[in-house]
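Read the structure below first, then the notes.
Just so you know, all these numbers are worked out from the coordinates, no wet-lab data involved. Please read these numbers as outputs of a predicted model, since none were measured by experiment. Glycine also receives a Cβ, built like all others from the backbone with ideal geometry; neighbour counts cover every protein chain displayed.
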Amino acid sequence: MKIIFPELTTNEIAKEAIKNFSQIEFVPAPSLATAAKLLSENQADSMISGLDYSSRDVLLAYKNNLSLKSNYFSSCFLCKKGNQILALADGGVNKLPSKEQLYTIIEDTAATFKKYTNLTPKIALLSYSTKGSGGKNPDLEKIYYCIEKIKQNHSDYIIDGEMQLDAAVNPNVASKKIPDSPIQGDANILITPDLNSGNILYKSLEQFGGFTIAGPIIQGFKIPLADLSRGSTVQDTILTIDVIQKQLERKLS
């Protein structure tokens, strides 16, 4: 198993994190362009970057050099604290997803989560509103479209919305706001309506909630990819490598 990590020779966080993965061969590169070219030539199985590069530059390197397997690419964060793990999307790529993009985000995020945890996806589509409490809004129509399509194509997934964050993760609130929902405050995948809310939420979990954050994990390409935040810690980087490793193990098995 070989992973390209461009910042490997220059970034102390990268150097420290890879000590936990003796079974993986990590490959440095002098630039993002060189790293992406090596990856496109099948010189490695995956790539992790972002500690010293902006997300825009990392995503452009991926987009310009690698092939998609989905109709769109997106990102998700795996957020871990103790035994609790949540997937959150999309906080890194799509600014204001269409209903088709939102569906792909949900589908790919559920697959990422399931590969890492082996748990049944319990997907909450987040909003300012819970089950129509906020009135009509075009954004809610996208949510209803995605829920029906996920139910048709992934009958083993549990999905509901629209709902406010507290109803998605707090059983006491859920019992009052969504008593008939299949999600009773136990959602493990949180889907936000746009990039603003997704990015703010993941950073809130990290900065105030004490979560370790993997990613963003970049979804939709033919190979597993990650774009670390420039604020990522050693533990964030270790978790990100672990997520990519498990994706590769499933892909290569």
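Just the number, please: Stokes-Einstein D of segment 70-219 in µm²/s, Kirkwood Rh from C-alpha pairs, 37 °C, 0.692 mPa s. Walk me through the intermediate numbers first.
Details: Rh = 15.0 Å.
For these conditions, the coefficient is 218 µm²/s.
Based on alpha-carbon centroids, what's the gap between segment 8-26 and segment 50-100 in Å, whole number please?
Using only Cα atoms, the two centres lie 22 Å from each other.
Across all directions of projection, what mean area in square nanometres is found for the Cα convex hull of segment 205-253?
3.6 nm²
Quick check: net charge around PHE211, other residues with Cβ under 9 Å of its Cβ, Lys/Arg +1 and Asp/Glu -1? Each step should come with its number before you reach the end.
Working: positive: LYS80, LYS81; negative: GLU206.
The answer is +1.
Within segment 164-252, list the trypsin sites (Lys or Arg not before Pro) lying in a DSSP loop whose Cβ has at most 15 other Cβ atoms in a 10 Å radius. Walk me through the intermediate numbers first.
On the way: sites: LYS176, LYS177, LYS203, LYS222, ARG230, LYS246, ARG250, LYS251; in loops: LYS222, ARG230.
Sparse-neighbourhood loop trypsin sites (Lys or Arg not before Pro): LYS222, ARG230.
Note down the magnitude of the dipole of the chain about its Cα centre, charges +1 on Lys and Arg C-beta and -1 on Asp and Glu C-beta and zero elsewhere, to the nearest 20 debye.
So the dipole magnitude of the chain works out to roughly 240 debye.
Per q in 0.10, 0.11, 0.14, 0.17 Å⁻¹, report the Debye log10 I(q)/I(0) for the chain, using one uniform scatterer on each alpha carbon and no solvent.
The computed values of log10 I(q)/I(0) come out as -0.47, -0.56, -0.89, -1.26.
Mean 1/r over all different Cα pairs, inverted: what Kirkwood radius does segment 1-139 give, in Å?
17.3 Å
What does the net charge come to around SER229 if you take all other residues with beta carbon closer than 9 Å to its beta carbon, with K and R at +1 and D and E at -1?
-1
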